[in-house]
Amino acid sequence: MTPTLPVRVLLVEDDLRVARVNRDLLERDPDVHVVGSAATCAQGDALARALNPDLILLDVHLPDGSGLGLLRHWRAQGLTTDVALITAADDEASVRLALAHGAFDYLIKPFTGARLQELLARHRARRQSGPTDTRLDQGRLDRLLGVSSLPPALPRGIDPHTLERVAQALADAAQPVSAEEIGEQVHLSRVTAWRYLEHLVRSGRAQLDHQYGQAGRPAKLYRAQRRPPSPP
């Protein structure tokens, strides 16, 4: 099974209480690790270079300067790490400057845990565009830019993390499998696994095979939707 992409995060936030809350929200995802926390621009700059994080979450209002100035400094120095602003600065000028200096996302305090998870999902999608090459196709470029990188809203009762576990288990199966078999693999009841499998079928990520078992009764078996090979 392909592991979830780990994310090493640097927090640059001068309010220690807010930094602690943000750390707790981030590390609800077992594959996210806050590797450092800075309270000033100077500390943030030093830790960004020393720790080489995957993602930096940056405040605007810091004791020794502006996070926007720090972001501009990083980009001028060639630091291309993903940076997202998490700040109370809600004026349009700050947002425009952040985006102009290469921030890929901007969260205004207070924000929801779901919105923070969306930020992480966008970051992962950008990194999963593949290794750095001199040329990109449009699909990889769109993922890098975050264009259509997130799936549409899921139906009520469908958890995105569980959905990906079910999808991966199905992709790893060598032959069509039942809802009961998938449920055993990912520790779900048969009914719950069936609900997720049916969603994968509706969304075009799985196919349903009707096979006949004991006493000629049809049995529902599922297999991952195999994509055709890319043209040479």
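Quick note: the coordinates plus some simple rules give every number you see, no bench work behind them. Predicted model only: the values in this text are computed from it and were never measured. Using ideal geometry, Cβ is built from the backbone for each residue, glycine included, and neighbour counts are taken over all protein chains shown.
How much net charge surrounds H161 when only the other residues with a Cβ under 11 Å from the Cβ of H161 are counted, with Lys and Arg +1 and Asp and Glu -1? Before the final figure, lay out the partial values.
On the way: positive: R28, R165; negative: D29, D31, D159, E164.
Within the 11 Å Cβ shell, the charges total -2.
Provide the percentage of antiparallel DSSP beta bridges, counting only those with both residues in the stretch 17-130; round to the nearest 5.
Around 20 percent of the beta bridges assigned by DSSP in the stretch 17-130 are antiparallel ones.
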- Item | Estimated inter-spin distance, F111 and T4, nm [label 7 Å along Cα→Cβ] | 1.8 nm
- Task: Provide, for q = 0.17, 0.19, 0.23 Å⁻¹, the log10 of I(q)/I(0) from a solvent-free Debye sum over equal Cα point scatterers in the stretch 16-113.
- Result: -0.74, -0.94, -1.41
